[in-house]
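The values are calculated or read from the model by the stated rules, or taken from the named source; none is laboratory data. As the structure is a computational prediction, the values presented were derived from the model and not from experiment. Quick reminder, even Gly has a Cβ in these numbers, built from the backbone with ideal geometry, and neighbours come from all protein chains shown.
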Amino acid sequence: MRNIIFSFLALMLLPAYMSGQVIQGKVLDKGGMGIPGASVIATESNTSADTDFDGNFNINAKVGEILKISMVGFDAMSVTATAGTMSITLNESQDTELREVVVIGYGSRKKSDNTGAISQLSSTDITKTKVLNATQAIQGKAAGVQVIGTDVPGSSPSLIIRGIGTYGADRTPLYVVDGIPTKNINNLNSNDIASFDILKDASSLAIYGNQAANGVVIITTKKGKGDKATVEYDGFYGVRTPLRTVKMAGSNRFAYYSDVAEQNTRFSTDQRYNTNWFDEITRLGMYSSNNLSLSGASEKVNYLFSLNYYDEKGVLDGLDFNRFTFRNNNDYKLSDKLKIMQTFSGSISKSTPKPLSAFTSAYKQSPLVPVLYDNGRWGRPIIGADGQASTTGQLFNNVGNPVADLNYFTEEQNNLLLQGSLALEYKIFDELKFTSRVGVEYNTFKRFSYTPSRELWLAADPSREVANYSAADPINELVTGRSDYFNWNFDNFLTYNKTFAEIHDVELTLGMSAQEFGSREELEVRGRNVPENSNYWSLNQSTAPSNNLVTRHSIGNQRNLIGYFARFQYTLMEKYLFTGTIRRDGSSQFGADNKWGNFPSFGLGWILSKEDFLAENETINFLKLRGGWGRLGNQNVPINQQTFSSGAGLGYDFGGSLYSGTTIGSFIDPTLGWEVTEETSVGLDFRALENKLSGSFDWYDKNTSNVVLNVTPPLTVGTGATPAHAGEISNTGFEVALRWDDNINDDLKYWIGANYSNNRNEVSNVFNPLAIRQNGGSINNGQFTKRLEVGQPLGSFYLFEVAGYDANGNFTYFDKDGGITSNPVETDRKFFGSSLPTYYYGMNVGFEYKNFDFSVDAYGVGGNKVYNGKKAQRFGNENIEASIATDFWTSANTNAGNPAPFNSVPLSSDYYLESGAFLRVNNITLGYTLPKITTSISAIRIYASAINPFISQKFTGYSPELNNDGDPMGLQGIELDAYPTLSSFLIGANVKF
C-alpha cells in the first residue's frame, strides 16, 4: 500500500505549468509577520488571489498594473505590480475585528467567518512555560479545556475537552500534527509549534467523524520565513523540588501511637532511629533543554531544521529521562500552480523508571526502621525484645523498604518515534485547489529489567545468609521486551473558494481520508542466571538455553478506517455565516451492520456589528453570534483492545503438565459499534472599547447515547464481562473568556486575561438490563471507593458516612435510614461528589516595558473531591501523619479530630475524602532583551521563570491534582502511588542570529 501511495505522489509531481505572467509577493503586518487570507485584486487583468497561511500570494497580472490589497482589520491599500517578489506592509486599522486565521481541519478560516468554537494558542503561549509536553503548557489558557498535569518525567498529562463522555472507551482527544493523526504528542518539541488550535464543538469537529468525540487538537509546526537564513538558540537550566510535603510522625510519636493501638508497650518510646523516608527516596530534581533551529525562505523554498535535547533527573531517586528530537519542514514552490510540503520529525527517548509506589511506602513505613543497619544490611520493620528496631525479632508491618525497592528496580526503557508527511497543493485554477497528503508514524519501544533474586531474598530478612539460598532458585532474572507499530494516513481533497457579486463568499471542501492503525506486537522474554555485571546483561549469557522463556507474545488487531467528507462554508455580505459538514466513516473493527456511520453538523453565525444598528457604535467594535449542532463518534471502544496472546502459563494442564497455548483476551459482541455523541452549542464573540476588550461566551449540551459498559456475557463464552452498549452520559456547561490589551505608550503595554469553564457531568441512563454493577477506585486493601450510578457524575465517590465515635473511640457510621451503627453494610454507602471538577479557570497578566517583559499565569479547579488513598490503605502499624499522632481520641480527648489508634483495614469512608479545589500560580517569568550589540546577532533575551511556585489548597496530601491512570472510575482523584507536583526555578536565554 505504501508503494502505491508514493508512486501516486511521484506521478502527481511530474507536470509543472506556467500560464502567463505571474506577480508574486508577500503581505505583512508592521511586525513583519505574514497576513493570511488577505485579498489581492488586479484591477486591469480582473484577477484575484488570497494570501496563504504565511502571507504569500501569486496573481496573474502585468508589471505596472495596480493591485488592491485588503484584509479585515487592516487599512486597504493600492500598489503597483513589479517584477520579482513584492513585499507589502499593511497598517493596522482602528477596526481590528478578528483578522486572525484558525485551522479548522482540512483547511483554515478567518476567525471572523468561523462558526465553530475554537480556541487558538500561539507559540508564545506554549513556550512560555518550560515543560516537556506542550499540553502541560496550555493548562489554564483555553476555556473549556481541562489539563490534568503530572510531573513524572517523560509522562503525558490528560487533556479533557468539555467533559468526559465515556466510561471504558478512549478518553484522549485526537491530535493532528501537520496532517498526521496521532494520540500522543509527547515526542513533539514545544519550540517547533507555531499554533495550537483546539476544536471544541461538534460543528467544527464533525469533519473528523468517528475520531472526534473527545475533541481534536490541530498542531501546526513552524516553517521558514524571511529573506535570509536565521539561526535561533533557546536553552534553560532549572531545579525542581516538591511543591508540598506531608509531615509524618517521628519515631517516638509513632511508638506511642502503636502502643496505644496494640494496648501494650511493645515499642519503646525512646527510639534509636528516626528515618525521614520521604527525604531518603528523593533528591533535588534538575532539568535542562537546549534547542537549536535553522530556518529561512527564498522565492521558491522555505525551510526549517531544528534539534532539541531535553534531560531531566526526577525528584524520585534514580528516575531519569532524556529525549532528543529533530524536525525538518520544507515547502517547495515548483510553479505558480504546484507546491510541495514535506515534514519529517523524530524523537529518541531513554528513561529509567522507578515504581511510584515508593512514595506510598515512604509515607507508610515506620520511622524507627533504618535505611541500613550498622552491618550494612537493609532495614526491615522488625522490633526486638527491647522495643527497638533490630535485625531479629518480630515483623510489625508489611511495608517494604522504599530505598531498597528503588535500588533493586533496574528497568530501562528506550523509545523511537518517527513521523513524516508529504503533501502537494495543485491550483487547478484560481478558485479550485487540490491537496493530497500522506503521513506515516512508526514507533518501536524496548525495555529490559534485571532482578537480583538472591539479593532480594537476603534483603527481605537481615538474618538470612547466602549459604542458605536454595540452589533451585535463580540467582537473578533478566526480562527483555519490545513492541512496535506502523500507522499511515492518506488524505485527498478539493477546495473551491470564490466570491460572487462581491457579497457571496463560498468555500466548498470535498475529500476522502484513509488510515491504517497497524497491529501492535508485544514480545517479552525472561532469562535466568545471567552475569551480574551490567555490561553483560544479555539473555544469551544465561547459564543454559532452558533458562530463557517467552512469557508473553501478543498481536493486537490491525484497524483500517476510511472516510468521505464534505464541508460547505458560506458568507453573505460579510455578516451572515453558514457551515455545513458531513462525514461518512467506515471502520474494519465492527461487524457488517455497524461498519459505516454518518456524522453531520451545521453551524450558523451572525456578525451583528456589520448591521446598521451597530455599524457606527463606538463601544462595540465586533460582535458575532454563532451556534451549531453535530454528531460525533468514538471508535476506540473496548472491542478494539482484543488481543491474541501466547506463551507459557496460557495453555492447559494435562496430567499435571502445563502446555503453552493461545488465549483470546476478550469476547467481541457482533452488535457493538462506536459510541455516538451529539452536541448543541451557542456562542458569542466580541471586541469592544477600541478593541482593547475581547472575549467569548459559550454554552453547550453534549450527550453520548450508547456508552459501552461491561455486561453479563453469554454463559458459553467463558471470558468474564463483555463490553456492550448500555448507558448514556451527558455533559452540559458554559465557558467565558475575557482579555484586556492596552498600550499606555510606545514603551509600555500590558494585558489581563481570564477564562472560566463550568461543566456538569452526569450518567443519565443505564438502559441495558445486563449491565454489571460498575465499581471502581480500588485502593488494594479490599475496599473500593467509586461507583457508576444514574444521576451521578463519573468518578463519584461511594462511601460510608462517619457519624462520630463509639465508647472506645472507634468510628460509627450513618446507616441508610439515618441511624447510627458500628457495622454498616454496603447499602449504607452514600455518594459524596466526584473526582471531576464542576469548574476550572485560568488567569494571566503581564506587561512589556521597553526591553523588559513580565508575565504571571494561574490555574484553579473546584467542585471536586479527592481521596487520601495512602492514608486509607492501612493494615497495621504503618506510620501516621504528625497531625494524627498529636490529636487522636482518648478518654480525655473525646472531641479529637481523629479516631483512637487502630491496626485494621479501615472502611472506605468520607473521613478520607477531602476537597480537591486549588488555585496555583503556574508560571512567573521575567525577561530582558539586551540592546543590539552586533549586526550578526539580531536579538538576545535572557529570562528567569518560577513554575508552580505557590498553591492554595485544602487537601492535606502532597497534591490535589491527581491524574494517576487518567480514568475517573479508576485512580484519578485518589492519592495513591502518586508523584508530587513540583516547583521549578530556571534561568534561560534565547539568541537569534
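On the given criteria, is Ala737 under 24 Å from the mean Cα position of the chain (by Cα), crowded, with 19+ Cβ neighbours inside 10 Å, under 30 Å from Asp853 (Cα atoms) and aliphatic (A, V, I, L, M)? Yes: the conditions hold for Ala737.
Do we find that Arg99 is among the charged types (D, E, K, R) and modelled with pLDDT of 90 or more in this structure? For Arg99, the condition - among the charged types (D, E, K, R) and modelled with pLDDT of 90 or more - is not met.
When residues in the range 277-308 are screened for being part of a loop (DSSP other than H, G, I, E, B) and either among the small types (Gly, Ala, Ser) or not assigned by TED's automatic domain parsing to the domain that holds Thr890 (or both), 1 of them pass.
Each residue in the range 66-84 was checked for being part of a loop (DSSP other than H, G, I, E, B) and charged (D, E, K, R), and 1 pass.
Taken together, the residues in the range 465-512 that are assigned to a loop (DSSP other than H, G, I, E, B) and either more than 19 Å from Tyr576 (Cα to Cα) or of a type in the set (A, V, I, L, M) (or both) amount to 11.
For every residue, the table says whether it meets (1) farther than 14 Å from Ile281 by Cβ; (2) of a type in the set (S, T, N, Q); (3) in a strand (DSSP E or B).
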| position | (1), (2), (3) |
| --- | --- |
| Glu312 | yes, no, yes |
| Asn329 | yes, yes, yes |
| Phe359 | no, no, no |
| Asp386 | yes, no, no |
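Checked against (1) outside any loop (DSSP other than H, G, I, E, B); (2) surrounded by fewer than 19 Cβ atoms within 10 Å (Cβ to Cβ); (3) modelled with pLDDT of 85 or more, Val63 meets all criteria but (1). Scanning the range 351-373 for residues that are within 25 Å of the chain's Cα centre (by Cα) and among the β-branched types (Val, Ile, Thr) turns up Thr352, Thr360.
Take Thr956 and tell me if it is of a type in the set (Val, Ile, Thr), part of a loop (DSSP other than H, G, I, E, B) and either touching a residue at least 24 places away in the same chain (Cβ under 8 Å) or not assigned by TED's automatic domain parsing to the domain that holds Phe832 (or both). Against the criterion (of a type in the set (Val, Ile, Thr), part of a loop (DSSP other than H, G, I, E, B) and either touching a residue at least 24 places away in the same chain (Cβ under 8 Å) or not assigned by TED's automatic domain parsing to the domain that holds Phe832 (or both)), Thr956 qualifies.
For Gly250, the criteria (1) surrounded by 15 or more Cβ atoms within 10 Å (Cβ to Cβ); (2) in contact with a strand residue (DSSP E or B) (Cβ under 9 Å, 6 or more places away or on another chain) hold in every case but one, which is (2).
Counting only strands (runs of 3 or more DSSP E) that sit completely within the range 792-907, those holding 1 or more residues that are over 20 Å from Gly776 (Cβ atoms), of a type in the set (Gly, Ala, Ser) and in contact with a Leu (Cβ under 9 Å, 6 or more places away or on another chain) correspond to 852-862.
At least 2 residues being modelled with pLDDT of 50 or more, charged (D, E, K, R) and in contact with an Asp or Glu (Cβ under 7 Å, 6 or more places away or on another chain) is the threshold, and among the strands (runs of 3 or more DSSP E) wholly inside the range 635-692 those reaching it are 675-688. Please work out if Gln271 is in contact (Cβ under 8 Å) with a residue 12 or more places away in the chain and either more than 30 Å from Glu961 (Cβ to Cβ) or not basic (Lys, Arg) (or both). So Gln271 passes the test. When you look at Ser463, is it at pLDDT below 95 and in contact with a Pro (Cβ under 9 Å, 6 or more places away or on another chain), yes or no? When the stated conditions are applied, Ser463 does not pass them. Look at (1) surrounded by fewer than 18 Cβ atoms within 10 Å (Cβ to Cβ); (2) modelled with pLDDT of 90 or more; (3) of a type in the set (A, V, I, L, M, F, W, C) and you find that Val708 fails only one, number (1). If you go through the range 160-214 and keep only what is among the aromatic types (Phe, Trp, Tyr) and crowded, with 22+ Cβ neighbours inside 10 Å, you end up with Tyr167, Phe196, Tyr208.
Take the range 970-981 and flag every residue that is out of contact with any helix residue (DSSP H, G or I) (no Cβ under 9 Å at 6 or more places or on another chain) and surrounded by 21 or more Cβ atoms within 10 Å (Cβ to Cβ). If the condition is that a residue be out of contact with any helix residue (DSSP H, G or I) (no Cβ under 9 Å at 6 or more places or on another chain) and surrounded by 21 or more Cβ atoms within 10 Å (Cβ to Cβ), then Gln972, Gly973, Thr981 are the ones that fit.
For the range 399-430, a tally of residues being in a loop (DSSP other than H, G, I, E, B) and out of contact with any Phe, Trp or Tyr (no Cβ under 6 Å at 6 or more places or on another chain) returns 5. Please go through the range 230-276 and give me each residue that is basic (Lys, Arg) and either more than 32 Å from the chain's Cα centre (by Cα) or not in a strand (DSSP E or B) (or both), ordered by number. Of everything in the range 230-276, those that are basic (Lys, Arg) and either more than 32 Å from the chain's Cα centre (by Cα) or not in a strand (DSSP E or B) (or both) turn out to be Arg244, Lys247, Arg253, Arg266, Arg272.
Each row is one residue, and each column tells you yes or no for (1) surrounded by 22 or more Cβ atoms within 10 Å (Cβ to Cβ); (2) assigned by TED's automatic domain parsing to the domain that holds Ser39; (3) in a loop (DSSP other than H, G, I, E, B).
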| residue | (1), (2), (3) |
| --- | --- |
| Gly116 | yes, no, yes |
| Gln120 | no, no, no |
| Asp125 | no, no, no |
| Thr129 | yes, no, yes |
| Leu132 | yes, no, yes |
| Thr135 | yes, no, no |
| Lys141 | yes, no, yes |
| Val147 | yes, no, no |
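To keep it simple, each residue is scored yes or no on (1) in contact with a Ser or Thr (Cβ under 6 Å, 6 or more places away or on another chain); (2) touching a residue at least 60 places away in the same chain (Cβ under 8 Å).
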{"residue": "Thr325", "(1), (2)": "yes, yes"}
{"residue": "Lys333", "(1), (2)": "no, no"}
{"residue": "Met341", "(1), (2)": "no, yes"}
{"residue": "Phe344", "(1), (2)": "no, yes"}
{"residue": "Ser349", "(1), (2)": "no, yes"}
{"residue": "Pro353", "(1), (2)": "no, yes"}
{"residue": "Ser361", "(1), (2)": "no, yes"}
{"residue": "Ser366", "(1), (2)": "no, yes"}
